[in-house]
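K.L.:
Pasting a structure below so you can have a look.
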Amino acid sequence: MKSILVTGGTGFIGSHTCLVLLEKGYNIFILDSFINSSSQSIEKIILILNEIDKDINRKIHLIKGDIKNQSDIENVFHISNKLNKKIEAVIHFAGLKSVSDSVLNPITYWENNVSGTINLCKVMEKYKCKNILFSSSATVYKSESNKLLSEDNICEPYNPYGYTKFTVERILSDISNRELSEWRIVCLRYFNPVGAHKSGYIGENPLGKANNIYPQLTRVAIGKQSKIYIFGSDWPTYDGTGVRDYIHVMDLAEGHLSAMNYLLKEKPQFKAINLGTGIGTSVLEFIRTFEKVNNVEIPFSFRDRRKGDKAFLVADNSLAKSLLNWTPKRNIEDICRDGWNWQKNNPYGF
Ligand code: NAD
Ligand code: UFG
């Protein structure tokens, strides 16, 4: 069976994707510095999968390392070759992801997200591994209206984090554009990944303070925070609150599997593809749904708009549907139920 290197594989999206890859029989090599995660996510994956495969351990190689150090990446390729499990492709999740942090610490973000990726590409070239799925973001888009965002929409990031994602896309596109390039590259532009695996064993486990709406919902529900502040009641949307495309992390993980199947069978190319549901949910709707599905109360009050926010970010996902043969299967109720299940079972994370 094929071997895949998953950078950042113990993190939120990475761990759910590793689970799906293992279920399909892939060998995985995970390179992670644990700057925002814990190796316990992999222990939990083993628990989930042990029921169907008692030898699942043999398919997982977890290596601590930092993509800022080229030698750490070389080490993984070296180990894979020694084990006779040549890495066929990389799924590149490793990155820092907080928009507000990126404004405070731009150099850290550029170094980690951009220089780290350049290191990765150099090592991949050296080891003749030229297939990569890259975690990009809907943050790359300029969004000024309430229209669905398709891949040909203008890109104009509005914070350092978004610029690092856009820059990596550009670097990868330049690599692909070279004459006789053998690289197969897919940049997946995620919309708002939330929820958790339905087992309640793995979920989002941020080590610092998470500013996104979903971890705040679960924190209020469990009593760690008294209420949610909604940023703005006067957005040009149907109820005045911001609208986003919340995608269940398991749908996202399955999107990676479909993208990997696509990547490995198609000719060398560069593609950017949205992974979203195409359905918008406002902050108020999200709170109401969470309350109803989980029978909990979420107090909230309104604050001014958050700097840099947009009214409406929802995917046109038709390209992913047609090219990858992928359709998201879970809805906002599933998101509310599964994420709450994870939080209840793990009030303090891993
Ligand atoms: P996460 O923080 O849970 O996972 C990222 C993982 O990368 C962590 O395990 C972290 O320890 C690791 N990592 C970070 N820097 C590293 C380095 N230099 N070397 C090795 N490992 C390193 O985040 P996530 O939500 O799973 O996001 C995964 C990817 O998807 C990130 O690149 C993120 O920018 C991107 N993305 C996330 C979202 C989102 O809302 N979650 C949206 C769009 C794009
Ligand atoms: N919001 C609140 N109160 C909060 C937090 C958020 O009202 O305490 C609102 C925001 O104003 C926005 C919506 O909830 O309308 C979603 O905000 P998030 O912070 O959860 O997510 P963003 O859409 O701002 O950004 C997220 C990630 C980015 C990623 C992007 C992709 O933080 O890294 O989704 O669309 F790139």
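The values are calculated or read from the model by the stated rules, or taken from the named source; none is laboratory data. Bear in mind that the values here come from a model prediction, so they are computed numbers and not experimental data. As a convention, Cβ positions derive from the backbone with ideal geometry for all residues, glycine included, and neighbour counts pool all protein chains shown. Calculation scope for accessible area: heavy atoms of the full protein, side chains included, ligands and nucleic acids excluded. Shrake-Rupley method; radii C 1.70, N 1.55, O 1.52, S 1.80 Å.
K.L.:
Tell me, yes or no, whether segment 312-334 has at least one residue that is within 16 Å of ligand 2 (Cβ to nearest atom), of a type in the set (A, V, I, L, M, F, W, C), part of a loop (DSSP other than H, G, I, E, B) and over 20 Å from the mean Cα position of the chain (by Cα).
P.N.:
Going residue by residue through segment 312-334, those that are within 16 Å of ligand 2 (Cβ to nearest atom) are 312-317, 320, 328, 332.
Next cut, of a type in the set (A, V, I, L, M, F, W, C) only: 312-315, 320, 332.
Going one step further and asking which of them are part of a loop (DSSP other than H, G, I, E, B), we end up with 314.
Filter again for over 20 Å from the mean Cα position of the chain (by Cα), leaving none.
No - not one qualifying residue is present in segment 312-334.
K.L.:
Sticking with this structure for a sec: Can you tell me how many residues within segment 179-209 are outside any loop (DSSP other than H, G, I, E, B) and open to solvent by 40 Å² or more (accessible area, probe 1.4 Å)?
P.N.:
First pass over segment 179-209, keeping only residues outside any loop (DSSP other than H, G, I, E, B): 184-190, 192-194.
Checking the rest, the ones that are also open to solvent by 40 Å² or more (accessible area, probe 1.4 Å) come to 184, 192.
Number of matching residues: 2.
Per-residue answers, yes or no, for (1) surrounded by 14 or more Cβ atoms within 10 Å (Cβ to Cβ); (2) within 16 Å of ligand 2 (Cβ to nearest atom); (3) in contact (Cβ under 8 Å) with a residue 60 or more places away in the chain:
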site: C18; (1), (2), (3): yes, no, no
site: I30; (1), (2), (3): yes, no, no
site: I45; (1), (2), (3): yes, no, yes
site: E51; (1), (2), (3): no, no, no
site: S98; (1), (2), (3): yes, yes, yes
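K.L.:
Go through segment 270-325 and count every residue that is open to solvent by less than 50 Å² (accessible area, probe 1.4 Å) and basic (K, R).
P.N.:
Summing the residues that are open to solvent by less than 50 Å² (accessible area, probe 1.4 Å) and basic (K, R) in segment 270-325 gives 1.
K.L.:
Further question on the same structure: So which residues in segment 1-36 are near ligand 1 (Cβ under 8 Å from one of its atoms), under 22 Å from F77 (Cα atoms) and under 15 Å from the mean Cα position of the chain (by Cα), if there are any at all? Write out each step before concluding.
P.N.:
Pass one, segment 1-36, residues near ligand 1 (Cβ under 8 Å from one of its atoms): 7-15, 31-36.
Pick out the ones that are also under 22 Å from F77 (Cα atoms) and you get 7-11, 14-15, 31-35.
Answer for segment 1-36, where residues must be near ligand 1 (Cβ under 8 Å from one of its atoms), under 22 Å from F77 (Cα atoms) and under 15 Å from the mean Cα position of the chain (by Cα): T7, G8, G9, T10, G11, G14, S15, D32.
K.L.:
Follow-up. Given the residues K82, K64, which is the only one that is away from ligand 1 (no atom under 16 Å from the Cβ) and either modelled with pLDDT of 95 or more or open to solvent by 20 Å² or more (accessible area, probe 1.4 Å) (or both)? Spell out how you get there, then give the answer.
P.N.:
Working: K64 fails: away from ligand 1 (no atom under 16 Å from the Cβ).
Exactly one of K82, K64 is away from ligand 1 (no atom under 16 Å from the Cβ) and either modelled with pLDDT of 95 or more or open to solvent by 20 Å² or more (accessible area, probe 1.4 Å) (or both), namely K82.
K.L.:
Taking interchain pairs and intrachain pairs at least six residues apart, which have beta carbon atoms under 6 angstrom, with the first residue in segment 326-347 and modelled with pLDDT under 95 and the second not in a helix (DSSP H, G or I)?
P.N.:
Partner pairs satisfying both residue conditions: N345/G200.
K.L.:
Among (1) assigned to a helix (DSSP H, G or I); (2) over 26 Å from I4 (Cα atoms), there is one condition I298 misses while meeting the rest; what is its number?
P.N.:
It is condition (1) that I298 fails.
K.L.:
Does I107 satisfy the criteria of being under 30 Å from G208 (Cα atoms) and either of a type in the set (G, A, S) or not in a loop (DSSP other than H, G, I, E, B) (or both)?
P.N.:
Numbers: under 30 Å from G208 (Cα atoms): yes; either of a type in the set (G, A, S) or not in a loop (DSSP other than H, G, I, E, B) (or both): yes.
Criteria met by I107.
K.L.:
So, N113, is that one away from ligand 1 (no atom under 16 Å from the Cβ) and either at pLDDT below 95 or open to solvent by less than 30 Å² (accessible area, probe 1.4 Å) (or both) or not?
P.N.:
Numbers: away from ligand 1 (no atom under 16 Å from the Cβ): no; either at pLDDT below 95 or open to solvent by less than 30 Å² (accessible area, probe 1.4 Å) (or both): yes.
Taking the combined requirement at face value, the residue does not satisfy it.
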